[in-house]
Amino acid sequence: MHQDERGHALTTSSSTASEEIDLAIHNFLHWKSDVVPRVGASLAADPDFAFAHVVGGLIMHGARNVHFRGKIEDSLTKAKKSADGLTEREQNYLRALEASASGQITEAVSLYETILAKNPVDLFAQRLAQMELFWIGEMDWSEQISRRASTHWDKSVPSYGVHLSCRSFDLEETHNFAEAEALGRKSVEIDPTDVWGTHSVAHVLIMQGRHEEGIAWIDDLKNNWEDSNQMQLHLWWHRCLFHLERGEFDEVLDIHDTWVRNREHPLLVSMPDLYIDMQNGASMLLRLELRGVDVGGRWAELEELTLKRLDDHTSPFTSPHFAVILAATGRFAEAERLLASMTEFANHDRGTFGPRYLMAAIPATQAVIAHRRGEHSKVVDLLLPARHQLWQMGGSHAQRDLFFLILADSILKEGRSDLIGIVLDDIERAGFSDAASRIGYRGAGSAMH
């Protein structure tokens, strides 16, 4: 019996297979791009290594792409065929993959909690739980998981810094900013390549309006991300947020073109439509347009990719961003088709996503289409009652801010200054300091006076 780097048993007779899957998980935990090839190397050494099949399936599931469904089902089938003799921990991972593949996300998270109850330093379970909970907006739950695990961690446990960065992000999203920043900075001190710790601190800085510090923070660390996956591009998106707040629109466009949506970048060459990258592009272009910036033809490459994803309901947060792209390029027929497909899915889904599409993603999608059409009264009618449900889409406070910016814009265009205070209160309740000073809300703040 072999073990991973934190001492958990791996059911394979091949030392190569165990070493490769351990490296795959290590790279996944450290946000490295070299994950799938390591899973492949593990299975090449032992084609019947059930846990390796499970890991591969979970990685594919995490990509949030309906076109990967066949690969996920194949991994699940092969894992089940080789499941004899698995440890209880490995069996729970297999059950989590099965739950995830059928859209039962909260059931999968409960299985990760079960794993952690007996194996509290199983960082793979902690990271997967955080990932799933983040994309359904359940960060209080994620914070509970990392808090329970934290008492079992110290610097003697491999990848301690990654645990700290995960804990940091849970704390940031639950508004414990001081502790979140301290742990995020500590994780980066341990490992300067820790993009998740870097990311968590960037969140604290944007929420607290510390824009110059945010630019310096990312600038000091940007040369450490060469081996990182798409999280490095998302960090550049965060840098755009800081420049946007400072009114440095040319700098935002330059970063967008060089990093965020540079289709010649190796990460975007290999996977141009990864959900987080699509969100980054759509969100930043719309934020610029809301500030009156002409973004030229930059929507076109996003449009091309989105047209292939109209029936993809793997992420309640991504779907409204697809609508942003389609509406921005005048593809209103396709945007309505997307909306109809979302509604059909939501009305029949018996998993975790269906209710979230109904309560959050669908009204958000309707609103972004109406906003692009100039139907600002409709935007207000849609988002004002839905705004306290938007958390169910998932994403961070900083990302969901896009939809409050849309609401504020429509309120101003409708001349409804009586409603401005409600939105500003919402923004501060979400954790943003001094909402009226933010570039997207300054007009709203002045309209109150």
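None of the figures in this text is laboratory data; all of them are computed from the coordinates on show. Fair warning: this is a prediction, and the values are worked out from it, not measured in the lab. Backbone-built Cβ (ideal geometry, glycine too); neighbour counts: all protein chains shown.
List every residue whose amide H lies under 5 Å from the amide H of ASN229, counting only residues 5 or more places away in sequence or on a different chain, with H placed 1.01 Å from N in the peptide plane.
Here the answer is LYS32, SER33, since their amide H atoms fall under 5 Å of that of ASN229.
Beta carbons within 10 angstrom, averaged per residue: use that to sort the peptides 183-196, 255-268, highest first. Write down the numbers at each step before the final one.
Numbers: 183-196: 21.2, 255-268: 16.4.
Put in order of decreasing packing, that is 183-196, 255-268.
Can you give the net charge of the other residues whose Cβ lies under 12 Å from the Cβ of ARG287, counting K and R as +1 and D and E as -1? Don't jump to the answer; show the numbers that get you there.
Working: positive: ARG291, ARG438; negative: GLU245, GLU289, ASP401, ASP409.
Around ARG287, the surrounding residues sum to -2.
By how many degrees, between 0 and 90 and to the nearest 10, does the Cα long axis of helix 123-134 differ from the longest principal axis of the chain?
Its long axis makes an angle of about 30 degrees.
Hey, for a label at MET1 modelled as a point 7 Å past Cα toward Cβ, could you say which residues of segment 82-112 have their backbone N under 19 Å away?
Only 82-95 fall inside the zone, counting backbone N under 19 Å.
For ARG337 paired with ASP34, estimate the spin-label separation in nm (one decimal), with each label point 7 Å from Cα along the Cα-to-Cβ line.
4.2
Pull up all non-local amide H partners of LEU10: gap of 5 or more, or a different chain, and H-to-H distance under 5 Å with H placed in the peptide plane.
Correct list: HIS2, GLN3, ASP4.
Hey, what's the Kirkwood Rh for the chain if you take every pair of different alpha carbons, in angstrom?
On the way: mean 1/r = 0.0446 Å⁻¹.
Across the chain, the inverse of the average 1/r is 22.4 Å.
In whole Hz and in residue order, list the ³J(HN,Hα) couplings for segment 248-253 that follow from phi through the Karplus curve 6.51 cos²θ - 1.76 cosθ + 1.60, θ = phi - 60°; x for Gly and Pro.
Result, ordered by residue: 8, 5, 5, 5, 4, 5 Hz.
Zone of LEU307 (label point 7 Å along Cα→Cβ, backbone N under 13 Å): which residues in segment 334-373?
334-335
Under unit Cβ charges (Lys, Arg +1; Asp, Glu -1), what dipole magnitude, rounded to 20 debye, does segment 183-288 have relative to its Cα centre?
Details: 9 positive and 18 negative charges, 68 e Å.
With only Lys, Arg, Asp and Glu charged at Cβ, the dipole is about 320 debye.
Which of the peptides 346-352, 102-108, 57-63 is most tightly packed, and how do the rest follow, judged by the mean count of other Cβ atoms within 10 Å per residue? Each step should come with its number before you reach the end.
Numbers: 346-352: 14.7, 102-108: 18.3, 57-63: 22.6.
Final packing ranking: 57-63, 102-108, 346-352.
Where does the charge balance sit around GLN130 when Lys and Arg score +1, Asp and Glu -1, over other residues with C-beta under 11 Å from its C-beta? Present the calculation step by step, with values, prior to reporting the outcome.
Numbers: positive: ARG127, ARG167; negative: GLU132, GLU138, GLU143, ASP170, GLU173.
Net charge in that neighbourhood comes out at -3.
Using helices alone, I'd like the mean residue ellipticity at 222 nm for the chain: each DSSP H run of four-plus residues gives -39500 (n - 2.57), total over residue count, nearest 500. Walk me through the numbers before you get to the answer.
Details: 25 runs with 292 residues, N = 449.
Helix-only estimate at 222 nm: -20000 deg cm²/dmol.
Just to verify a number: FRET efficiency for ILE422 and ASP140, C-beta to C-beta distance, R0 = 25 Å, to 0.05? Numbers along the way, then the final one.
Values: r = 24 Å, r/R0 = 0.94.
Calculated value: 0.60.
Using a Förster distance of 56 Å, how high is the FRET efficiency between ASP74 and SER437, based on the Cβ-Cβ distance and rounded to 0.05?
Working: r = 52 Å, r/R0 = 0.92.
Plugging the Cβ-Cβ distance into 1/(1 + (r/R0)^6) gives 0.60.
Give me the extension gain from GLU344 to ALA44: residue separation times 0.36 nm, minus the current Cα-Cα distance, reported in nm with one decimal. Please list the in-between numbers first.
Details: separation 300, 0.36 × 300 = 108.00 nm, distance 4.07 nm.
Contour length minus Cα-Cα distance gives 103.9 nm.
Looking at ILE105, GLN3, THR87, which one has the Cα that reaches farthest to the positive end of the dipole of segment 1-137 (charges on Cβ: Lys, Arg +1; Asp, Glu -1)?
Farthest towards the positive end: ILE105.
Tell me, Kirkwood radius of segment 1-132 from alpha-carbon pair distances, in Å? Could the numbers behind the result be given before it?
On the way: mean 1/r = 0.0698 Å⁻¹.
In segment 1-132 this quantity evaluates to 14.3 Å.
Using the Cα centre of segment 1-132 as the reference point, and only Cβ charges (+1 on K/R, -1 on D/E), how large is the resulting charge dipole? Debye, rounded to the nearest 20. Present the calculation step by step, with values, prior to reporting the outcome.
Working: 13 positive and 18 negative charges, 66 e Å.
The dipole of segment 1-132 has a size of about 320 debye.
At a Cα cut-off below 19 Å, give the aspartates and glutamates reachable from LYS81, other chains included and same-chain residues fewer than 8 away excluded.
Within reach: ASP46, ASP48, GLU73, GLU90, GLU98.
Please get the size of the charge dipole for the chain, origin at its Cα centre, with Cβ charges of +1 on Lys and Arg and -1 on Asp and Glu, quoted in debye to the nearest 20. Can you show the working numbers first?
Numbers: 44 positive and 66 negative charges, 163 e Å.
Charge dipole of the chain: 780 debye, to the nearest 20.
Considering amide H positions built from the backbone, and no H for Pro or chain starts, which residues 5 or more places from GLU248, or on another chain, come under 5 Å of its amide H?
Placed amide hydrogens put nothing under 5 Å from GLU248.
Sort the following peptides by mean Cβ neighbour count (other Cβ atoms within 10 Å, averaged over residues), highest first: 202-213, 299-310.
Details: 202-213: 20.3, 299-310: 17.9.
My ranking of the peptides, most packed first, is 202-213, 299-310.
Mind checking the angle between helix 15-29 and the chain's longest principal axis? C-alpha axes, 0 to 90 degrees, to the nearest 10.
In the chain, helix 15-29 runs at an angle near 20 degrees to the longest axis.
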